[in-house]
Every structure is written in structure tokens, then in C-alpha cells.
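Below is one structure; the comments refer to it alone.
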Amino acid sequence: MRLIKKPVLCNYYVTYRCNASCYFCDIWEKPSPYIKKEDVAQNLKALKKLGVKVIDFTGGEPLLHNEIEVFLKMAKDLGFITTITTNGLLYPKKAEKLKGLVDMLHFSLDFADSAQHDEVRGVGCFDFVMKSIEAAIALGERPDILFTAMNENIDELNKIYESICLSNDLVLIVNPIFDYNTVKTGGGLTKENLEYLSRMGKRKKIYLNDAFIELRKNGGNHVEDPVCKAASSALVISPKNELVLPCYHLGKKDFAIDGDLFKLYKSDEVQKLAALEGKLPECEGCAINCYMQPSFAVEMNQYFWKALPSTIKYNRLKGTWKNILQ
């Protein structure tokens, strides 16, 4: 049963450029412009009208955009919940400008050992994550640590939890890795590791959406009965000011926004493609977290109930539940 018929999330790509080269990502390989302020201003108003609650300014590395704080301020003024995930390389320099503008600030960290983390990320950023934590706390911010869980780093989860998160009173977000397109990440986490993640997710200050685990155990999305509601629960906007459908990772078609995102989203052509969410051949087995998370929230099914306890837990920890209910 569909609970929410409006989109709840916008994945707003400010640029595809990145100052890291993580082996489990191909976004950084793409040439990319930067989004323009006038387009962001127009699109945020349309997103508000469409019913969107959360704006994830993403990339690439979103802090590469020299007007990122302007976009965040625009979004906050319109009442959106804002989120950013960063590798930390630029945060210490921009921390003052970003103060109070990011509701969910995530620092990516995959190993407790600096050499191992930097090898996966393709650049020396471990020390910058540590500096970012220090800078954020000094400003009264409440950042999270985002851990990409892979078979090869599963033993690092507890180390990061105990040595970095608990000691700094930070929430640890566990993000199970996934394969997509031609990027093979080893996303097929073993059954033992999935069970381990589920157990860790019960600990205080750890957020793991247990529906992610359930979905993987069930083989991901199935086109004959899709759980994915990517195109109707979330919007994807590219740095070229295009609406990307049905999702970024599949990207069947890019629609030029041309100043009227609301009209474009409601158009027959867009809605016809959006109706194929989760049903295309490429959607079989998909378990991409950034689209499954909003999908779990808008329709009452087994994944909705699996996701609910951890979702409540995180929003209580962060205090964002009040914004969501407004």
C-alpha cells in the first residue's frame, strides 16, 4: 500500500568531479560542470512544491563547489532537511561557512588504519577526516561517520565504532556496499557478514537500515514485484541542470529542466518513464541504498517495517524527526 505519493528526497548533484578516486565508484571519472546558483534557486522552489523534504547535495565531492554554502542556505531557508557526505579533504577549510547549514553531515571513513583507508580512497584523506571531526565538534556540529561495509573491511567496523565514534560521541552509519553498472565492488556481502552487520546495527550510536540487509538476503529488487520506487520517491538533478530518470545509476534519459522543474516532473513523458521504476531489465537484483532508502519509506510492505525501527532511532539521535513530520 502506497503511503506517500509525493517524492521525499532530491539527490542534487552539484558536480560529478571529485578530489578522490575510490575504487568502488566511477563518478569521479566523468567530466562535469558545476551547477549554477540561479538554477538551484528555481529548482528548490519547485522541489518544495512537489513535496520533497530532504535535499542531498552530492557529487562527486560536493565541497568542491565554491558556492555550496549558498545552496545549503537556500535550502534551509525553504525548510528542507539538508545532507552532505564528504571525504573530508576540504571540510576543515569550509567548516565555518557550513556551520548550522547541514542537518546530516557525513564524513566517509572505511578503515581505522590511515594507510588502508587512503588506499581505498585513492588519496590521502584519513588525516583530513580526523581534522574534520575536530573542526566540526569545535563548532558545535554533530557529524556522522559513514562506513562503507565491504567484505574486505568488515573487521574495521568495530574498531571505528569504538576508537572514533564512541570516543567522540558520533553516530556511525553503516552503508552496505553495492554493485552497479560496470562497477564491480564485491557488493555481494557474505551471509555471515550480513548477519554481523545486523547485530552491530543494534548497538547504541550505530545506524544501519535493517531493510538493506533483508533486501540483500532476498536477492535485491525483483522486476516482477519491484520494491524500488526510485523515480517516484526521489528526484535526481544533474550538474547540467537535467532531471535524470529513473535514477542516477541507471540514467535512461536526461531531461533538460529549462526553468520549470515542476512542470517537467508532472509531464506525461517523465511520468511514463517514472512508472517503469524497478521494472526495467537492469533493475533486477538492484540494491542501491540511496534509492532503496526512500523507497522503503513511501510504501507499506515488509521493507517498510524492517526499516522503521532504525529510521526512528536515527531521527531521534539527530533530532530531524520534527522536520520530517512538518
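Would you be able to tell me the number of residues in segment 271-300 that are part of a strand (DSSP E or B) and over 26 Å from residue 311 (Cβ atoms)? Even if it seems obvious, please write down each step before you answer.
First, the residues of segment 271-300 that are part of a strand (DSSP E or B): 299.
Narrowing further to those that are over 26 Å from residue 311 (Cβ atoms): none.
Summing the residues that are part of a strand (DSSP E or B) and over 26 Å from residue 311 (Cβ atoms) in segment 271-300 gives 0.
Taking segment 134-146, which residues are part of a strand (DSSP E or B) and touching a helix residue (DSSP H, G or I) at 6+ places or on another chain (Cβ under 6 Å)? Let's see the steps before the verdict.
If we filter segment 134-146 for residues that are part of a strand (DSSP E or B), which is where we start, we get 144-146.
Within segment 134-146, 145 is the sole residue that qualifies.
Given the criterion under 23 Å from residue 150 (Cα atoms), without any contact (Cβ under 8 Å) to a residue 40 or more places away in the chain and either of a type in the set (D, E, K, R) or surrounded by fewer than 20 Cβ atoms within 10 Å (Cβ to Cβ) (or both), identify the matching residue among 289, 218.
Values: 289 fails: without any contact (Cβ under 8 Å) to a residue 40 or more places away in the chain.
Just a single option satisfies the conditions, and that option is 218.
Give the residue that is nearest to residue 161 (Cα to Cα), with candidates limited to residues of segment 102-114 that are part of a loop (DSSP other than H, G, I, E, B) and among the aliphatic types (A, V, I, L, M).
Restricting to residues being part of a loop (DSSP other than H, G, I, E, B) and among the aliphatic types (A, V, I, L, M), the top hit is 112.
Considering each residue of segment 79-98, count those that are closer than 19 Å to residue 132 by Cα, buried (at least 19 other Cβ atoms within 10 Å of the Cβ) and either in contact with a strand residue (DSSP E or B) (Cβ under 6 Å, 6 or more places away or on another chain) or of a type in the set (D, E, K, R) (or both), and give that number.
Total meeting the criteria: 6.
Any idea which residue in segment 72-129 is nearest to residue 290 (Cα to Cα), counting only those that are of a type in the set (Phe, Trp, Tyr) and over 15 Å from the mean Cα position of the chain (by Cα)? Even if it seems obvious, please write down each step before you answer.
Within segment 72-129, the first condition is being of a type in the set (Phe, Trp, Tyr), and the residues that meet it are 80, 91, 107, 111, 126, 128.
This time we only want the ones that are over 15 Å from the mean Cα position of the chain (by Cα), so: 80, 91, 111, 126, 128.
On the way: 80: 18, 91: 22, 111: 22, 126: 24, 128: 25 Å.
The selected residue is 80.
Which of the following residues is crowded, with 17+ Cβ neighbours inside 10 Å and out of contact with any helix residue (DSSP H, G or I) (no Cβ under 8 Å at 6 or more places or on another chain): 224, 269, 282, 242? Explain how you work it out, then say what you get.
Details: 224 fails: crowded, with 17+ Cβ neighbours inside 10 Å; 269 fails: crowded, with 17+ Cβ neighbours inside 10 Å; 282 fails: crowded, with 17+ Cβ neighbours inside 10 Å.
Checking each option against the conditions leaves just 242.
Kindly provide the set of residues from segment 115-133 that are assigned to a helix (DSSP H, G or I), farther than 20 Å from residue 169 by Cβ, in contact with a Gly (Cβ under 6 Å, 6 or more places away or on another chain) and in contact (Cβ under 8 Å) with a residue 40 or more places away in the chain, ordered by number.
128
Quick check, is residue 184 loosely packed, with under 13 Cβ neighbours inside 10 Å, at pLDDT below 90, among the basic types (Lys, Arg) and over 19 Å from residue 305 (Cβ atoms)? Quick ask: steps written out before the conclusion?
Working: loosely packed, with under 13 Cβ neighbours inside 10 Å: yes; at pLDDT below 90: yes; among the basic types (Lys, Arg): yes; over 19 Å from residue 305 (Cβ atoms): yes.
When the stated conditions are applied, residue 184 passes them.
Listed here are the residues, each with its yes/no results for (1) crowded, with 22+ Cβ neighbours inside 10 Å; (2) closer than 16 Å to residue 164 by Cβ; (3) not charged (D, E, K, R).
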{"position": "74", "(1), (2), (3)": "no, no, yes"}
{"position": "77", "(1), (2), (3)": "no, no, no"}
{"position": "100", "(1), (2), (3)": "no, no, yes"}
{"position": "125", "(1), (2), (3)": "yes, yes, yes"}
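Among the listed residues 167, 232, 132, which satisfies the condition of being polar (S, T, N, Q), crowded, with 21+ Cβ neighbours inside 10 Å and over 29 Å from residue 278 (Cβ atoms)?
Numbers: 167 fails: crowded, with 21+ Cβ neighbours inside 10 Å; 232 fails: over 29 Å from residue 278 (Cβ atoms).
Going through 167, 232, 132 in turn, just one is polar (S, T, N, Q), crowded, with 21+ Cβ neighbours inside 10 Å and over 29 Å from residue 278 (Cβ atoms): 132.
Which residues, taken from segment 1-54, are among the charged types (D, E, K, R) and assigned to a helix (DSSP H, G or I)?
First pass over segment 1-54, keeping only residues among the charged types (D, E, K, R): 2, 5-6, 17, 26, 29-30, 36-39, 45, 48-49, 53.
Once the filter is applied, which keeps residues that are among the charged types (D, E, K, R) and assigned to a helix (DSSP H, G or I), segment 1-54 yields 29, 37, 38, 39, 45, 48, 49.
If you go through segment 55-65 one residue at a time, do you hit one that is closer than 22 Å to residue 266 by Cβ and either among the hydroxyl-bearing types (Ser, Thr, Tyr) or in a loop (DSSP other than H, G, I, E, B) (or both)?
No, that holds for no residue.
Taking the criterion of being without any contact (Cβ under 8 Å) to a residue 24 or more places away in the chain and either within 23 Å of residue 315 (Cβ to Cβ) or touching a Phe, Trp or Tyr at 6+ places or on another chain (Cβ under 6 Å) (or both), would at least one residue in segment 69-80 satisfy it?
Just the residues of segment 69-80 that are without any contact (Cβ under 8 Å) to a residue 24 or more places away in the chain, to begin with: 77.
Checking which are either within 23 Å of residue 315 (Cβ to Cβ) or touching a Phe, Trp or Tyr at 6+ places or on another chain (Cβ under 6 Å) (or both) leaves us with 77.
Yes: segment 69-80 contains one or more residues that are without any contact (Cβ under 8 Å) to a residue 24 or more places away in the chain and either within 23 Å of residue 315 (Cβ to Cβ) or touching a Phe, Trp or Tyr at 6+ places or on another chain (Cβ under 6 Å) (or both).
Exactly one condition in (1) in contact with a Pro (Cβ under 7 Å, 6 or more places away or on another chain); (2) free of Cβ contacts under 8 Å to residues at least 12 places away in the same chain is false for residue 204; which is it?
Of everything listed in (1) in contact with a Pro (Cβ under 7 Å, 6 or more places away or on another chain); (2) free of Cβ contacts under 8 Å to residues at least 12 places away in the same chain, residue 204 misses just condition (1).
What's the total number of residues in segment 66-101 that are part of a helix (DSSP H, G or I) and not acidic (Asp, Glu)? Walk me through it before giving the result.
So the first thing to find is which residues in segment 66-101 are part of a helix (DSSP H, G or I), and the list is 68-77, 91-98.
Applying the additional criterion that residues be not acidic (Asp, Glu) yields 68, 70-76, 91-95, 97-98.
Count: 15.
The values are calculated or read from the model by the stated rules, or taken from the named source; none is laboratory data. None of these values were measured; they are calculated from a predicted model. For neighbour counting, all protein chains shown are included, and Cβ atoms are generated from backbone atoms with ideal geometry for every residue, glycine included.
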